[in-house]
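All of the numbers you see were taken from the coordinates with simple rules; none came from a lab. Since the model is a prediction, treat every value here as computed from it, not as a measurement. Note: ideal-geometry Cβ built from the backbone for every residue, glycine included; neighbour counts use all protein chains shown.
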Amino acid sequence: MANTLNLKPLHDTVVIKLVDGEEKTASGLILTAKTQLQYAQVVAVGTGYPSDTGSLIPLNVAVGDTVILHPNTTNLVEYEVEGQKVVFISERAIMAVVTK
């Protein structure tokens, strides 16, 4: 999936769109804000981490990935870019990539 925004994040910056998670588990448990995972869709990724030799180490996420944010990732600010509400985060704020 190609970057749908006309921007290229730098270094380990990842641009995401927040996705509403399930508020109830399959077994019927109600999830509170403390127990609910924050899902997001990756819409753009940075150029990578600079290594000691000067080359770039690519990020572990790609455009189109669904990711789970680390629980300590708080105060996310949504910006409007080209009509889309997006959030800029460091790749370190991503806890996992959801596999299909």
Fill in the blank from the handout: Footprinting proxy, Tyr39, Tyr49, Tyr79: sorted fewest to most Cβ within 10 Å, the residues are Tyr79, Tyr49, Tyr39
Completion exercise
Here FRET efficiency (C-beta to C-beta, Glu78 to Val98, R₀ 22 Å, nearest 0.05) is 0.60
Problem - Alpha-carbon Debye profile of segment 56-100, log10 I(q)/I(0) at 0.27 Å⁻¹ - result: -1.14
